[in-house]
1. Please check the chain for the longest run free of chymotrypsin sites (Phe, Trp or Tyr not before Pro) that are loop-located per DSSP (anything but H, G, I, E, B) and have at most 12 other Cβ atoms within 10 Å.
2. For each of Ser18, Ser412, Ser299, count neighbouring Cβ atoms within 10 Å of the residue's Cβ, then give the residues from fewest to most.
3. Take peptides 69-77, 385-393 and line them up by average Cβ neighbours within 10 Å, highest first, as a rough protection proxy.
4. So, in Å, what gap is there between the alpha-carbon centers of the stretch 167-217 and the stretch 264-313?
5. For the charge dipole of the stretch 230-350, defined by +1 on Lys and Arg C-beta atoms and -1 on Asp and Glu C-beta atoms about the Cα centroid, which residue among Thr317, Pro346, Ile238 has the Cα displaced farthest towards the positive pole?
6. For the stretch 155-308, what number results from the quotient of the Cα radius of gyration and 2.2 N^0.38 Å?
7. I need the fraction of alpha carbon pairs in the chain separated by more than 29 Å, rounded to a whole percent.
8. Where the only charges are on Cβ atoms (+1 Lys, Arg; -1 Asp, Glu), what is the dipole of the chain about its Cα centre, to the nearest 20 debye?
Amino acid sequence: MSPETLMKSPVTPAELSSFSPDDFDTYVMHTYARFPLALERGEGCRVWDTNGRDYLDFVAGIATCTLGHAHPALIEAVTRQIKALHHVSNLYYTPQQGALAKWLVENSCGDKAFFCNSGAEANEGAIKLARKYAHDRRGIEHPVILTAQASFHGRTLATVTATGQPKYQQGFSPLVPGFAYVPYNDIAALEAALEELDQDQPQVAAIMLEALQGEGGVRPGAVDYFQRIRQICDQRQILLILDEVQVGMGRSGKLWGYENLGIEPDIFTSAKGLGGGIPIGALLCKASCDAFEPGNHASTFGGNPFACAVALAVCQTIEGEDLLENVQQRGEQLRQQLRTVAEKYPGLIAEVRGWGLINGLVLRPEIDLSAPEIVKVAMAEGLLLVPAGPKVVRFVPPLIVTSHEVDQAVRSLEVALERLS
Ligand SMILES: *Cc1c(COP(=O)(O)O)cnc(C)c1O
């Protein structure tokens, strides 16, 4: 890159606004199939593109902007902490990390927390912790972690191996050893896999699942399935790891997805909604399975006072503004209205499913129409949605969404469906 080119880089807000998708693609790796939309501002559940057009945001940074955009609590925490101290490393104590850990422990089944920067990194930590536990406490030499088909656990090498979807793994072999896969919500298949894997000597260290499969198509876990898994894990000293990266932090209408299933995991992870859009991830575990010792695991940015102060503000706002109540009510409203739409298009829509404010409009598998096509037409109608696989349209608005905004979103979806049919 020549110095002349560098000097032409946009600096003023006006220059940034005119930085086109073509300019963008010249410089950024093509790892994402982006929609042709450049966003520059947000407030509440609304975002504006560089042409000044506004959109109702039912994506929320993929289930991440818990408090929507430019929420006063977020602005206050960000400004306060950036002025005070933003990063010093884990060589020292910072009160914000301790306070966030305390809030999470007091509001979950976990006893101890470790902080990192993303969902994949939190899941990497969970995988390492489960292996350490298996080696130290059970003497397992080659531990195996069972995960579900259609799951999603991240894009690092270990978490993409844990992800039970070959499309994410293709091209990246050799994958990480020590994983096996079972169909989700199928207890007989899980019991059969355990029998086979553990027949000579115990190998299965952990079962790692999402309480509701997000990327895999907004598929809620079955209560009896998870309760039986909890019993099996207790009987066999197998750790139950729940990936709460998408469904946790209030999105399901409960603070944690596992609360919908009447069980407690041994280890769980959080990220997406935790920082309200500021990068942070967390790994929590019961005291009984905290097998890490100093030096075993680390993350340079993990749990810095900036990210922790913001996440704590998100937690306190969920609590203080009674957002779980809003999630339950708005979720109920959204599912009812989507079901009314589904009844109008029985040839198109098979089902509406989800918990709280993570919901999926499931298309009939036999029809030509795909979820990305609906998302594109809805965007033209001013509504942002995100697919969860080829046949499910996902609705994950900020947890502060209002009744009026839910009405509006469903109306825009109806217009989009009319245009498509
Ligand atoms: C998004 C997601 C991840 C990965 O999180 P990143 O922050 O992108 O690494 C892991 N698990 C689940 C369930 C997710 O939805």
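1. Working: sites that count: Tyr32, Tyr92, Tyr93, Phe172.
Here the longest segment lacking exposed loop sites spans 173-421.
2. Numbers: Ser18 11, Ser412 22, Ser299 19.
Result, fewest neighbours first: Ser18, Ser299, Ser412.
3. Numbers: 69-77: 17.3, 385-393: 22.1.
Ranking the peptides 69-77, 385-393 by packing returns 385-393, 69-77.
4. 24
5. So the residue furthest toward the plus end is Pro346.
6. Values: Rg = 16.2 Å, N = 154, 2.2 N^0.38 = 14.9 Å.
Scaled against compact globular proteins, the figure is 1.08.
7. Details: 42466 of 88410 pairs.
It works out to 48 percent of all Cα pairs.
8. Details: 35 positive and 49 negative charges, 43 e Å.
Charge dipole of the chain: 200 debye, to the nearest 20.
We did not get these values from a lab; they are worked out from the coordinates using the rules stated. Computed from a prediction, not measured in an experiment: that's the story for all the values here. Reconstructed Cβ throughout: ideal geometry from the backbone, glycine too, with neighbour counts over all protein chains shown.
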